[in-house]
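*Asks:* Sharing a structure here in structure tokens format.
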Amino acid sequence: MQEQEIFNGLIATYRDLNLRVRPLPEERLRMGHGRATVKHIIAEMRDDELHFSQALKDRLGGEPMVDVLGSKASGEEVEELVVPGPDDTTAEVLSQFGTARESTLAMLRGMTPDEWDSPAGGGLTIRQASEKLLANDARHMERIVRLLGSPAA
């Protein structure tokens, strides 16, 4: 996938969330059971984005790019970077996600084509990790669309 496609996809996720979720009443976004609510899914996306952004920062500092999204699938516990407040609204969590996404985009924007594809000491390339982040976004968006009962864009 080309760099511009990755940028466009990462931007589109936040735009789609704002269009689909922000206008809805908070009560609807908290409906469900446990982690099966729109608010919880967006909180997961925020946490994934924060972990990705930190891994990208570490990678730009010379460390290998770790697969922070893949570690969750294997059952490992992932450190929480944000301690959620019980009264945080979905819009607040969405804004936190947006801030983390902006940080990721800013770091990606300044990279050369060689930096996108260099494994730098092992691990994933930045391109591979970014493609995994886009796939993660798509999975979360599918869950949100199912909960809201609206068709995918």
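The values are calculated or read from the model by the stated rules, or taken from the named source; none is laboratory data. Every value quoted in this text rests on a predicted model; they were computed, and no experiment measured them. Every residue, glycine as well, gets a Cβ built from its backbone with ideal geometry; the counts of neighbours run over all protein chains shown.
*Asks:* Here is a check on your reading of the model: is Ala43 modelled with pLDDT of 95 or more and in a helix (DSSP H, G or I)?
*Replies:* Here the answer is no, as Ala43 does not meet what is asked.
*Asks:* Just to be sure, is Arg143 basic (Lys, Arg), closer than 23 Å to Gly61 by Cα, in a helix (DSSP H, G or I) and out of contact with any Leu (no Cβ under 9 Å at 6 or more places or on another chain)?
*Replies:* no
*Asks:* Conditions: (1) crowded, with 19+ Cβ neighbours inside 10 Å; (2) at pLDDT 90 or above; (3) farther than 26 Å from Val145 by Cβ; (4) not acidic (Asp, Glu). Lys57 meets all but one. Number of the miss?
*Replies:* Only one criterion is unmet by Lys57, namely (1).
*Asks:* Another question about this same structure. Keeping to the stretch 107-137, report how many residues are closer than 20 Å to Asp16 by Cβ and touching a Ser or Thr at 6+ places or on another chain (Cβ under 6 Å).
*Replies:* 1
*Asks:* For the subset of the stretch 95-118 comprising residues that are among the small types (Gly, Ala, Ser) and modelled with pLDDT of 90 or more, which member is surrounded by the fewest Cβ atoms within 10 Å (Cβ to Cβ)?
*Replies:* By that ranking, first place goes to Ala106.
Here is a yes/no grid of residues against (1) in contact (Cβ under 8 Å) with a residue 60 or more places away in the chain; (2) of a type in the set (Phe, Trp, Tyr); (3) out of contact with any Cys (no Cβ under 6 Å at 6 or more places or on another chain):
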position: Thr89; (1), (2), (3): yes, no, yes
position: Phe97; (1), (2), (3): yes, yes, yes
position: Glu102; (1), (2), (3): no, no, yes
position: Arg127; (1), (2), (3): yes, no, yes
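*Asks:* Take the conditions modelled with pLDDT of 90 or more and either touching a Leu at 6+ places or on another chain (Cβ under 6 Å) or under 24 Å from Arg143 (Cβ atoms) (or both) and apply them to Gly70. Does it pass?
*Replies:* no
*Asks:* Does Ile11 satisfy the criteria of being of a type in the set (Val, Ile, Thr) and crowded, with 19+ Cβ neighbours inside 10 Å?
*Replies:* no
*Asks:* What about Leu50, is it surrounded by 21 or more Cβ atoms within 10 Å (Cβ to Cβ) and touching a residue at least 40 places away in the same chain (Cβ under 8 Å)?
*Replies:* It is true that Leu50 is surrounded by 21 or more Cβ atoms within 10 Å (Cβ to Cβ) and touching a residue at least 40 places away in the same chain (Cβ under 8 Å).
*Asks:* Would you pick out the residues in the stretch 13-27 that are touching a residue at least 12 places away in the same chain (Cβ under 8 Å), assigned to a helix (DSSP H, G or I) and over 20 Å from the mean Cα position of the chain (by Cα)?
*Replies:* Correct list: Glu26 only.
*Asks:* Please count how many residues of the stretch 131-150 are among the acidic types (Asp, Glu) and within 22 Å of Met31 (Cα to Cα).
*Replies:* 2
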